[in-house]
Amino acid sequence: AAGVIQSPRHLIKEKRETATLKCYPIPRHDTVYWYQQGPGQDPQFLISFYEKMQSDKGSIPDRFSAQQFSDYHSELNMSSLELGDSALYFCASSLNWDATFSGNTIYFGEGSWLTVV
Amino acid sequence: AQSVAQPEDQVNVAEGNPLTVKCTYSVSGNPYLFWYVQYPNRGLQFLLKYITGDNLVKGSYGFEAEFNKSQTSFHLKKPSALVSDSALYFCASGGLTGGGNKLTFGTGTQLKVEL
């Protein structure tokens, strides 16, 4: 079965540079979530989109932005990178925005490792 | 404040023995609870979820979890552990009172299964 696809899997950037992560949800899934997992930390919710509109916002820095496109893929743009942005970034997808209290399941990708040097 | 808590940073168990990874919740209303597993350098894999219905939920890879309302717990269990079960396990909550339409994770429990 098709899974959530994230690219690139690994990325090294210097401080103050910009990075873009891409996420391709499971086919027919209309909701995308972005999470950040720092070293030894639990995943922290950043932002989500349902039908190309922002549906929820978490602890996403102002330097970050994201969007969902007409084909439902999503991109997370990170600017003015800081050392503390080094983390594993997960994208997840689900069918419908109410997956956490409906019968649907949220599926995660393998993650994109961002290292800021 | 987190909606779920995992009191143990690490759990060690011998292969073949039963395993339990603990999770307690502090969600008002109807809790929606999930377990995910993360293998080294890999993504989060869904194991099981409690939305409503039977308190005993069966999931992937032989795992199950019991929802206990009186103890506000949702412990993950497996009757016989395998070395390949060694991984990081996350309990998570969802639903309108448990984090909204997103998952809120606990701090994770590292499970180590030894021969």
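The values are calculated or read from the model by the stated rules, or taken from the named source; none is laboratory data. Values in this document were obtained by computation on a predicted structure and should not be read as measured data. Every residue, glycine among them, receives a Cβ derived from its backbone with ideal geometry; neighbour counts consider all protein chains shown. For accessibility, only protein heavy atoms count, side chains too; no ligands or nucleic acids. Shrake-Rupley method; radii C 1.70, N 1.55, O 1.52, S 1.80 Å.
Spherically averaged projected area of the convex hull of Cα atoms, chain A: 6.9 nm². Both numbers refer to the Cα atoms of the range B:4-114; Rg and Dmax are 13.1, 39 Å. Here A:S86 and B:K112 are evaluated by their C-beta separation; at R0 = 30 Å the FRET efficiency comes out at 0.70. Pairs of C-alpha atoms in the range A:12-77 farther apart than 18 Å represent 39 percent of all such pairs. Using a Cα-Cα cut-off of under 17 Å, which aspartates and glutamates could be cross-linked to A:K57, ignoring same-chain neighbours fewer than 8 residues away? Result set, ordered by chain and number: A:D30, A:E75, A:D98. The calculated FRET efficiency for the pair B:S80 and A:S102, based on their C-beta separation and a Förster distance of 30 Å, comes to about 0.40. Taken per residue, the accessible surface of the range A:5-116 reaches 46 Å², heavy atoms only and a 1.4 Å probe. Surface burial for B against A, with a 1.4 Å probe and both sides summed, reaches about 2000 Å² of accessible area. Taking trypsin sites (Lys or Arg not before Pro) across the range A:16-117, the ones in a DSSP loop with at most 11 further Cβ atoms lying within 10 angstrom of their Cβ are A:R16, A:R28.
Rolling a 1.4 angstrom probe over the range B:11-64 with all protein chains present gives an accessible area of which 46% lies on carbon and sulfur atoms. For the range A:56-117, the set of GluC sites (Glu not before Pro) satisfying both a DSSP loop assignment and a count of at most 14 other C-beta atoms within 10 Å is given as A:E82. Placing a pseudo-label 7 Å from each Cα along the Cα-to-Cβ vector at A:E75 and A:E17 gives an inter-label distance of 1.7 nm.
Fraction of C-alpha pairs exceeding 23 angstrom in the protein assembly as shown: 47 percent, rounded to a whole number.
For a modelled paramagnetic label at A:T115, 7 Å from Cα along Cα-to-Cβ, the residues of the range A:8-29 in reach, with backbone nitrogen under 15 Å, are A:9-15.
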